[in-house]
Amino acid sequence: MTDTYDIKDINLADEGYARIMWADADMPVLSQIRERFEREKPLQGVRIGCCLHVTTETANLMRTLAAGGAEVTLCASNPLSTQDDTAASLVRDFGISVYAICGEDTETYYEHVDAVIDSKPQITMDDGADVVGRIHETKREALEHIIGGTEETTTGVIRLAAMAADGELRYPIIAVNNAKTKHFFDNRYGTGQSTLDGIIRLTNRLLAGRTFVVSGYGWCGKGLAMRARGMGCQVVVCEVDPTAALEAHMDGFAVMPRAEAAKVADIWCTVTGNLNVVDEPCFVNMKDGAIICNSGHFNSEINIPWLEEHCTEKRTVKPMVDEYTMPDGRRIMLLAEGRLVNLSGAEGHPANVMDMSFANQALCAEYMLAHAKEMAPDVYDVPEDIDEHVAKLKLETLGIQIDELTPEQVQYMNSWNMGTV
């Protein structure tokens with residue numbers, strides 16, 4: 001047990017340990033990597049500072065990094081996403097320094113981020129780029145020790161790409177989010193299922209027959225729209241990208257501007273990674289009792305300050321369900337303070353998809369340690385061989401076999417002079 005931590009209650013560790021082991025049973029790829037790390041110790045003595053959602057799946061990534069010899073410090077990447085029992089078990093049973101308490105205020109949140117930075121990490125592992133942003137803005141002395149990092153989610157990749165474009169990024173970072181074995185499965189199937197899980201847990205509302213609006217038709221939006229339709233919803237997609245909007249239309253969803261969607265929405269969820277996606281043009285058109293929530297990383301996707309300013313009354317009708325009454329008497333229901341509803345209201349993505357995402361994280365940390373000196377300060381995709389290796393391991397654990405190209409087919413694919421015969 002480590003003596004450096006700030007968590008809710010160490011006495012929750014027994015329950016947390018049981019839940020971590022439950023998740024581990026559905027993360028066979030990460031388990032294989034952990035077994036190899038235990039033998040080879042590729043991260044021996046390396047300090048890794050992590051800002052991730054403190055869940056049972058993340059716990060198994062932390063176990064894997066520690067098995068590889070790393071000294072790991074972890075804080076939450078969202079004030080409401082921490083599973084306090086998981087944090088307790090990580091501290092007591094696995095010696096991970098954890099700084100995370102579910103429901104922590106903004107000041108405490110950044111104190112915990114600073115605690116990770118103060119551990120002098122050599123590799124950063126972010127979900128939303130708060131550690132990287134904090135280092136570059138206020139804790140630049142930490143750059144002395146850092147060789148590289150990884151980023152888990154779309155929002156963080158967007159921030160980091162902007163930093164790189166401005167010439168501000170000071171060390172290389174691998175965008176784990178961009179791995180095929182991450183966004184094809186984690187973003188689509190994980191977000192789709194866990195977001196509906198969070199909405200149902202918080203509201204206990206029947207989805208069948210409701211009009212469900214999805215803002216954003218990236219991989220997360222595709223998964224959410226697909227799952228909402230599967231639950232019997234009439235799904236509307238709001239987009240700003242013409243190609244994504246056309247794809248949503250071809251996939252059989254209604255596509256319309258947000259002001260029009262607001263008139264029919266029973267439930268509205270944002271998954272864009274942008275700012276004020278649900279804003280005044282939406283609020284003034286919403287039906288009485290409309291439910292709004294967010295499954296993007298930050299709570300800025302819904303303009304909550306506008307609601308706070310223009311409502312005549314705000315009350316909490318049940319945990320994580322706030323009711324805003326408008327001057328005309330309409331009520332708008334906000335879930336989980338606009339924060340990630342799948343992690344605030346439920347348990348986040350299922351272990352089976354996080355198995356691949358966190359396998360990429362572990363392998364990219366190993367890769368970064370070996371190759372950082374050759375990499376300029378920029379944002380990099382996951383190396384193709386790592387991505388493919390994770391996919392192969394996943395197939396093996398599922399008992400699925402596939403074909404291989406014959407030598408003749410390989411030759412054909414690499415030639416240009418074999419045309420019509």
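The values are calculated or read from the model by the stated rules, or taken from the named source; none is laboratory data. From a predicted model like this one, the values you see are computed outputs, not experimental measurements. Cβ placement follows ideal geometry from the backbone for every residue including glycine, while neighbour counts extend to all protein chains displayed. Areas reflect the complete protein model, heavy atoms only, side chains present, ligands, DNA and RNA absent. Shrake-Rupley method; radii C 1.70, N 1.55, O 1.52, S 1.80 Å.
Side notes on the structure shown:
- When the chain is described by a simple charge dipole with +1 on each Lys and Arg Cβ and -1 on each Asp and Glu Cβ, the residue from G167, G221, T155 located farthest towards its positive end is G221.
- Radius 12 Å from Cβ of N187, net charge of other residues (Lys, Arg +1; Asp, Glu -1): +2
- Annotation: extensible slack from D328 through T108 equals 75.4 nm (criterion: 0.36 nm per residue apart, minus Cα-Cα distance).
- Stretchable slack from E137 to I10, in nm (0.36 nm times residue separation minus alpha-carbon distance): 42.4 nm
- Here each label is just a point 7 Å from Cα along the line to Cβ, and for R205 and V421 those points are 6.1 nm apart.
- Longest site-free stretch - the chain; sites: GluC sites (Glu not before Pro), DSSP loop, at most 16 other Cβ within 10 Å: 169-403
- When only the Cβ of Lys, Arg, Asp and Glu is charged (+1, +1, -1, -1), the dipole of the range 312-421 relative to its Cα centre reaches about 820 debye.
- An oblate overall shape is assigned to the chain, the ratio a/c of its alpha-carbon gyration tensor axes (a ≥ b ≥ c) being 1.5 or greater and a/b not exceeding b/c.
- The heavy atoms of D114 present about 30 square angstrom of accessible area, all protein chains included, probe 1.4 Å.
- Helices of the chain meeting both criteria, an alpha-carbon length of 27 angstrom or more along the long axis and an average Kyte-Doolittle score not below 0.0, with helices taken as full DSSP H segments, are 351-371.
- Residue separation of D279 and W306 scaled by 0.36 nm, minus their Cα-Cα distance, works out to 9.0 nm of gained length.
- Here is how the number arises for the chain: DSSP H runs of 4 or more residues each give -39500 (n - 2.57), the sum is divided by the residue count, and the result at 222 nm is -13000 deg cm²/dmol.
- Among the lysines of the chain, pairs that are 8 or more positions apart or on different chains and have alpha carbons within less than 26 Å of each other number 27.
- Heavy-atom accessible surface of S97, to the nearest 10 Å², is about 10 Å², with a 1.4 Å probe and all protein chains retained.
- Separation in nanometres of the label points that stand 7 Å from Cα toward Cβ, at Q409 and Q44: 4.2
- Taking 7 Å steps out from each Cα toward its Cβ at V264 and I402 produces label points 3.8 nm apart.
- Cα gyration tensor, the range 160-203 - rounded (a/c under 1.5), prolate or oblate: prolate
- Of the peptides 314-321, 328-335, 170-177, the ranking by mean beta-carbon count within 10 Å, highest at the top, reads 170-177, 328-335, 314-321.
- Under 5 Å, built H, 5+ apart or other chain: amide partners of D381: A175
- The range 4-154 shape via C-alpha gyration tensor axes, a/c threshold 1.5: oblate
- Dipole magnitude of the chain about its Cα centre (Cβ charges: Lys, Arg +1; Asp, Glu -1), debye to nearest 20: 840
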